[in-house]
């Protein structure tokens, strides 16, 4: 798969789908409201995605699995603002078919019990809906685990929230900077430099 595919597209979800003419395929949902059916299975797509972002999936699964106390359905952090939930989206038709798909936590707008009362409807920010074969409580657990892992991921790489003390420094830009102000700014620059070294 070409690098430009991941460079040019903000991926919101990728889910397995069976195509009558092709067999196992992967449907990829993009942020601009479109989707694309690729003639590869979801495992291959996931490998390509992880390769593009230099992610060791097996090591990450083991490490993050320890944090949430489970090695099943471990979310995949991609950046400091993108993490994919690992969710059951279908019942396999034949042995070997994949049942699990991936949805970016940050593109989910809402979710509710499906009309058939057997699953959950995940509503994306643009109104598209993905059917998930979990209960509301299970979805809540997966989302909580994803937030825990994402916070760990950000701390590990030196990403921090915009600090209030830096906000105070900038709000008084018309006043002379003190040694304390300069020390705060130097620390924030060092944190940014360290985070960039990871890549």
Can you name every residue in the range 32-85 that is closer than 17 Å to residue 101 by Cα, touching a strand residue (DSSP E or B) at 6+ places or on another chain (Cβ under 7 Å) and part of a loop (DSSP other than H, G, I, E, B)?
39, 40, 41, 73, 74, 75
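Could you run through the range 64-79 and say how many residues are on the phi < 0 side of the Ramachandran plot and crowded, with 16+ Cβ neighbours inside 10 Å? Lay out the reasoning, then the answer.
Within the range 64-79, the first condition is being on the phi < 0 side of the Ramachandran plot, and the residues that meet it are 64-68, 70-72, 74-79.
So of that shortlist, the ones also crowded, with 16+ Cβ neighbours inside 10 Å come out as 64-65, 68, 74-78.
The qualifying residues number 8.
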Name the pairs: first residue in the range 1-22 and in a strand (DSSP E or B), second residue loosely packed, with under 11 Cβ neighbours inside 10 Å, Cβ to Cβ under 8 Å, at least 6 apart or on different chains?
18/93
Residue 92: surrounded by fewer than 16 Cβ atoms within 10 Å (Cβ to Cβ), in the same structural domain as residue 129 (by TED's automatic domain parsing) and more than 25 Å from residue 141 (Cα to Cα), yes or no?
no
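Within the range 6-26, track down each residue that is closer than 18 Å to residue 52 by Cα, surrounded by 16 or more Cβ atoms within 10 Å (Cβ to Cβ) and out of contact with any helix residue (DSSP H, G or I) (no Cβ under 6 Å at 6 or more places or on another chain). Give the steps one after another, and end with the answer.
We begin by selecting, within the range 6-26, every residue closer than 18 Å to residue 52 by Cα; these are 6-14, 26.
Remaining after also requiring surrounded by 16 or more Cβ atoms within 10 Å (Cβ to Cβ): 6, 11-14, 26.
Of everything in the range 6-26, those that are closer than 18 Å to residue 52 by Cα, surrounded by 16 or more Cβ atoms within 10 Å (Cβ to Cβ) and out of contact with any helix residue (DSSP H, G or I) (no Cβ under 6 Å at 6 or more places or on another chain) turn out to be 11, 13.
Conditions tested, residue by residue: (1) modelled with pLDDT under 75; (2) loosely packed, with under 12 Cβ neighbours inside 10 Å; (3) assigned to a helix (DSSP H, G or I).
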| position | (1), (2), (3) |
| --- | --- |
| 102 | no, no, no |
| 131 | no, no, no |
| 148 | no, no, yes |
| 162 | yes, yes, no |
| 168 | yes, yes, yes |
Out of the range 102-126, which residues are under 15 Å from the mean Cα position of the chain (by Cα) and under 18 Å from residue 9 (Cα atoms)?
102, 103, 104, 105, 106, 107, 108, 124, 125
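The values are calculated or read from the model by the stated rules, or taken from the named source; none is laboratory data. Model, not experiment: these values are computed from the prediction. A quick note on method: Cβ atoms are made from the backbone with ideal geometry, for glycine too, and the neighbour counts reach across all protein chains shown.
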